[in-house]
Amino acid sequence: MTTISDLPEDVLVELLSMLPAQDLICACRLVCTQWRYVVDLTTLWKRKCQREGFHTQNSDRSISDWKIFYMLCNLKRNLIKNPCAEESFWHWKLDNNEGDRWRIEELPGPLGREMPDPKVHKYFVTSFGPCFKSQLITLKNEGYWNELMDEKRPEIVVKDWYAARFDCGCRYEITVRLLSEDYIVLEEFHPEPVVIEQWSDAMWREISHTFHNYPAGVRYIWFQHGGQDTQFWAGWYGIRVTNSSITIGPWTLL
């Protein structure tokens, strides 16, 4: 009687590539020596990448470990929760909430403009006192195990969108820190504050930064942004922010 173990290697690769990665590593790999060999094959993980749309022909030469490439692609998503104010201030810690405090408004807002991304409908806006909010991301909780971060050190891409209203000047700031298990700062992105003068074009602008070749030991990412208006007007005339993101891993078509 023919069993699944009697199948040619290429057929076995095709069949196993349809299974979830966790099943392959935690179950299939333990079945027998042959299955362990097949699960460890580069061709299996390359096939999974192709099957799930993580693979492009131009990326072949730059990928040294297809298993890790698949894992990173499969995990890749925005690690910032509630980036566009759809859940009020849920998931955000309000570090500074002065003046008339943080507020949420609908796009385009008073004397503002629409976002380039039509899927974004709301933004957070600051007041005449310092307003800053933050999130602390625990990488292990998001599926990024310690050895992956220490040995592969995948790129960490930070993006944020900010804008002013037409009739008032304002100030925008962002700080992103890669932290160790003991919350020691291993690397930091903290550009000079952006000051927007009164009577600006009120356009939304993106700021981005990529962490690469950072020290081993990254366990947390701390993201903070905010600012205030520069004319100290009562109300919500300060910087507007939305659509923040932190993603880890390789570029794909997804």
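The values are calculated or read from the model by the stated rules, or taken from the named source; none is laboratory data. In this text the structure is predicted, and so the values were computed from the model without any measurement. Cβ atoms come from the backbone with ideal geometry, glycine included; neighbour counts cover every protein chain shown.
Structure notes:
- Criterion (modelled with pLDDT under 95 and assigned to a loop (DSSP other than H, G, I, E, B)) met by exactly one of His91, His55: His55
Rundown of residues vs (1) modelled with pLDDT of 95 or more; (2) surrounded by fewer than 19 Cβ atoms within 10 Å (Cβ to Cβ); (3) in the same structural domain as Tyr144 (by TED's automatic domain parsing), yes/no style:
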residue: Ile207; (1), (2), (3): yes, yes, yes
residue: Asn213; (1), (2), (3): no, yes, yes
residue: Gln228; (1), (2), (3): yes, no, yes
residue: Trp233; (1), (2), (3): yes, yes, yes
residue: Trp236; (1), (2), (3): yes, no, yes
residue: Thr242; (1), (2), (3): yes, no, yes
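- Exactly one residue out of Thr175, Thr247, Thr230 is in contact (Cβ under 8 Å) with a residue 60 or more places away in the chain, within 24 Å of Lys81 (Cα to Cα) and polar (S, T, N, Q), and it is Thr247.
- Complete set of residues in the stretch 24-33 that are surrounded by 13 or more Cβ atoms within 10 Å (Cβ to Cβ) and assigned to a helix (DSSP H, G or I): Leu24, Ile25, Cys28, Arg29
Okay, residues lined up against (1) of a type in the set (A, V, I, L, M, F, W, C); (2) farther than 20 Å from Met149 by Cβ:
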site: Gly53; (1), (2): no, yes
site: Met71; (1), (2): yes, no
site: Leu75; (1), (2): yes, no
site: Leu79; (1), (2): yes, no
site: Trp92; (1), (2): yes, yes
site: Gly112; (1), (2): no, yes
site: Pro118; (1), (2): no, yes
site: Tyr123; (1), (2): no, yes
site: Thr126; (1), (2): no, yes
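- Taken over the stretch 123-153, residues that are more than 19 Å from Asp201 (Cα to Cα), more than 19 Å from the chain's Cα centre (by Cα) and modelled with pLDDT of 95 or more amount to 6.
- Scanning the stretch 79-94 for residues that are in contact (Cβ under 8 Å) with a residue 40 or more places away in the chain and exposed (fewer than 13 other Cβ atoms within 10 Å of the Cβ) yields Lys81, His91, Lys93.
- Contact map, the stretch 1-12: first residue at pLDDT 65 or above, second residue part of a helix (DSSP H, G or I), Cβ cut-off under 6 Å, separation 6 or more or different chains; pairs are Leu12/Val38.
- Sole exception among (1) assigned by TED's automatic domain parsing to the domain that holds Met203; (2) assigned to a helix (DSSP H, G or I) for Met71, by number: (1)
- The stretch 148-254 holds strands (runs of 3 or more DSSP E) entirely within its bounds, and those carrying 2 or more residues that are of a type outside the set (A, V, I, L, M, F, W, C) and at negative phi map to 156-163, 170-179, 185-189, 205-211, 220-229, 240-248.
- Every condition in (1) over 23 Å from Thr230 (Cα atoms); (2) loosely packed, with under 13 Cβ neighbours inside 10 Å; (3) in contact with an Asp or Glu (Cβ under 9 Å, 6 or more places away or on another chain) holds for Lys119 except the one numbered (3).
- When Lys67 is tested against (1) at pLDDT 90 or above; (2) in contact with a His (Cβ under 9 Å, 6 or more places away or on another chain), exactly one condition is not met: (2).
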